[in-house]
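The values are calculated or read from the model by the stated rules, or taken from the named source; none is laboratory data. In this text, all values refer to a predicted model and were calculated from it rather than measured experimentally. FYI the Cβ positions are ideal-geometry reconstructions off the backbone, even for glycines, and counts take in every protein chain you see.
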Amino acid sequence: MPGRGKGGKGGKGYGKVGAKRHAKKALRETILGVTKPAIRRLARRGGVKRISSLVYEETRAVLKGFLESVIRDSVTYTEHAKRKTVTALDVVYALKRQGKTLYGFGG
């Protein structure tokens, strides 16, 4: 590809290592980003009228476990295909493998 220089994939060929795109942030409880009102909205959509205060932490724990398993399977499909980008089809196949078929995203 023209204009790439000697370095292959990185900008102007300074050194051998490409630019770091994503700086690693310190891990914190990102699951707390699923807020109490967000959980209430999901419950309302499911027909729930009143919610115990203990439900919020339990919901976060269940959601985290579900997402971990789906992401693990999706990444497995991606690595098997020797790709670095997780596609929508990887997620669809991961969900199908877990018995939760999702329509409308191909596959």
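For THR30, the criteria (1) surrounded by 13 or more Cβ atoms within 10 Å (Cβ to Cβ); (2) within 15 Å of the chain's Cα centre (by Cα) hold in every case but one, which is (1). Regarding the stretch 75-94, can at least one residue be identified that is over 13 Å from the mean Cα position of the chain (by Cα), of a type in the set (Lys, Arg) and surrounded by 13 or more Cβ atoms within 10 Å (Cβ to Cβ)? Among the residues of the stretch 75-94, not one is over 13 Å from the mean Cα position of the chain (by Cα), of a type in the set (Lys, Arg) and surrounded by 13 or more Cβ atoms within 10 Å (Cβ to Cβ), which makes the answer no.
Taking the stretch 43-60 as the range and being within 21 Å of GLY99 (Cα to Cα) and either free of Cβ contacts under 8 Å to residues at least 12 places away in the same chain or part of a loop (DSSP other than H, G, I, E, B) (or both) as the test, only GLY46 passes.
To keep it simple, each residue is scored yes or no on (1) within 28 Å of GLU29 (Cβ to Cβ); (2) among the hydrophobic types (A, V, I, L, M, F, W, C).
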position: ARG40; (1), (2): yes, no
position: PHE66; (1), (2): yes, yes
position: LYS82; (1), (2): no, no
position: LEU95; (1), (2): yes, yes
position: PHE105; (1), (2): no, yes
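The test for being modelled with pLDDT under 95 and among the basic types (Lys, Arg) does not hold for ARG83. Restricted to the stretch 61-90, and to residues there that are of a type in the set (S, T, N, Q) and touching an Asp or Glu at 6+ places or on another chain (Cβ under 6 Å), the residue that is farthest from TYR103 (Cα to Cα) is THR78.
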